1. Obtain the nm distance between the two label points defined at B:D89 and B:A262 by a simple spin-label model: each point lies 7 Å from its Cα along the Cα-to-C-beta direction.
2. With both partners inside the protein assembly as shown, how many of the DSSP beta bridges are antiparallel, as a percent to the nearest 5?
3. Arrange A:R17, B:R103, A:R93 by Cβ neighbour counts within 10 Å, fewest through most, would you?
4. As I understand it, the value is the acute angle between the Cα axis of helix B:262-274 and the longest principal axis of the Cα atoms of chain B; what does it come to in degrees, rounded to 10?
5. Taking the Cα atoms only, what angle lies between the long axis of helix B:228-247 and the longest principal axis of chain B, rounded to 10 degrees?
6. Using the charge dipole of chain A (Lys, Arg: +1 at Cβ; Asp, Glu: -1 at Cβ; taken about the Cα centre), state which of A:C94, A:C9, A:A116 has its Cα farthest towards the positive end.
7. Given label points at 7 Å from Cα along Cα→Cβ, what nm distances, shortest first, separate B:D134 from the same residue in every other copy?
8. How many Cβ atoms of partner chains, on average, are near each residue of B:177-189 if near means within 10 Å of its Cβ?
Protein chains: 2
Amino acid sequence: MAEAALLACDWGTTTLRAWTLDADGGVIDHREFDVGVSRLAPGEAAERFRDTVRPAFGAETLPAILCGMIGSNLGWTVAPYADCPAGLDDLARCLMAVEPGVRIIPGMRSVGLAGAPDVMRGEETQLMGWLAADPARRRGRRVICHPGTHAKWMLLENGRLVRFVTAMTGELFAVLGRHSVLKSDAPAGDEAAFAEGLAAAGDGDALAARLFTARSRVVGGRKPAESTPSYLSGLLIGAEVAATPRLLGLVGDEPVTLLGDAALCALYETALTRRGIPHETFDGEAAAVAGLYALHQLGRAS
Amino acid sequence: MAEAALLACDWGTTTLRAWTLDADGGVIDHREFDVGVSRLAPGEAAERFRDTVRPAFGAETLPAILCGMIGSNLGWTVAPYADCPAGLDDLARCLMAVEPGVRIIPGMRSVGLAGAPDVMRGEETQLMGWLAADPARRRGRRVICHPGTHAKWMLLENGRLVRFVTAMTGELFAVLGRHSVLKSDAPAGDEAAFAEGLAAAGDGDALAARLFTARSRVVGGRKPAESTPSYLSGLLIGAEVAATPRLLGLVGDEPVTLLGDAALCALYETALTRRGIPHETFDGEAAAVAGLYALHQLGRAS
């Protein structure tokens, strides 16, 4: 077995995912820990990292690199956002050492909508991993979508992230499905209802009105209430896919690269296909590992 | 004091509001009861009306007319929706007698978005009351907005409701303010933050992305978290006002008549003024009383 050369961590709000990598970035071991930053007491991160994470791998002295919410005010220490535009080299220059051998990748900040800056922590590392994997990706203009609770739509130009915008799609789905007149305990997965929701999304305008169709199709249209979660998912993802690219200054039919969880990306693939938008999908976890490794390498060299 | 000639009730989900009216429709007495249909056991409505509501007015034998959710499957009995297009006379022909001297005004149904019918129960009576109060209102094309948990946008042509659409604006505000990353215990009422939200609403597209600005303006833009409810209110109302008229097939800058709660209408007035849309406002409760009276009179004559 290859020797471990790096302890790479994606330390998010609910979970810490960690990998030991060899000198070429290959994965040796992988573990998950139930110590997301939302579960940490102030000042607890360093201790948990030393007493729980490192010993689990027998990696007490390995160099480590961390990304995600661990760089926020809930985490280990605040790693100030790196501003757009920035590419791999720019971000690698912003790594923040929190103790000898442990560095945090900062989140990124963009000029956002309505004058408020937009922010991300963690997705930038996946983006950089995807970029690092193939030099051809660093040429031209590209649109990347990272689906999730707070989906990120990113505009890349020649390998640099120039702008991004966040859509609260996943959170709207969760909150409406639990607490509104659209609440339901039924599982999603009804493909016909999902497609119906995509069609009802229209151009992504007037969402508050389109959402009511998830109610009226049941009370006035005799559709089964169990199909509401799938319909709602289609409506929200359809509206996001239709409207968000325009906020980046795009026409809206540029090819889209999906980066993230495979099951969630599959829903976006269906939404993009329906609109005739070319797309390709890459695994977010593999991209995270690649980004942690690439930024560690570049950061060490700089 | 004039003699009571009619017991008029707006019997909604959470509250029953009742008035005794004289033979000319003037209000003699008004009471509210904590017996909204969501609090009624199946079959309980008739009993509560006889044992609680009538005795409170000493109105055991007065003719009565009811509107609202009391005509739904949660209420007294289901009064089938009257379909658009319909005006005062049409609706008056659809009153449903549930026992001698007690009639329910049905809700209305419209061809809605995405093929699902849209529905209302209660707002149609306010609309008809507003129409009945002035024959001039029954000429030409008019756009009426009834703000609320489920806001109704109604298109009138020559005194008939031809189409309407529901926007879940009030429910989005409540659910996001209680259960999402935007939750806050702070009161609304910050006029500057409300105006900021109106500006951030843009054309009402890409709402999931625009909503995230309510978060990023605080975490990235150093705006006070206490201003979030007012900002969110402005954003949601601004998006509704910008986008919903187009769903009725309108250009979007037609004059709007607001009908409803005065405080809520005042927020919509600000939103409409900002977009340069002429508007006028009428009290929803007065319109409900007028509608109950007018439909009783017309229904009796027909």
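1. Calculated label separation equals 3.6 nm.
2. Around 65 percent of the beta bridges assigned by DSSP in the protein assembly as shown are antiparallel ones.
3. With the fewest neighbours first, A:R17, B:R103, A:R93 line up as A:R93, A:R17, B:R103.
4. On a 0 to 90 degree scale, this one is about 40.
5. 70 degrees
6. Towards the positive end, the residue furthest out is A:A116.
7. List, nearest first: 6.5 nm.
8. That works out to 2 on average.
Bear in mind that the values in this text are calculations on the coordinates, not laboratory data. Note that this is a predicted model, so its numbers are computed, not measured. Positions of Cβ are generated from backbone atoms using ideal geometry, with glycine treated the same way; all protein chains shown enter the neighbour counts.
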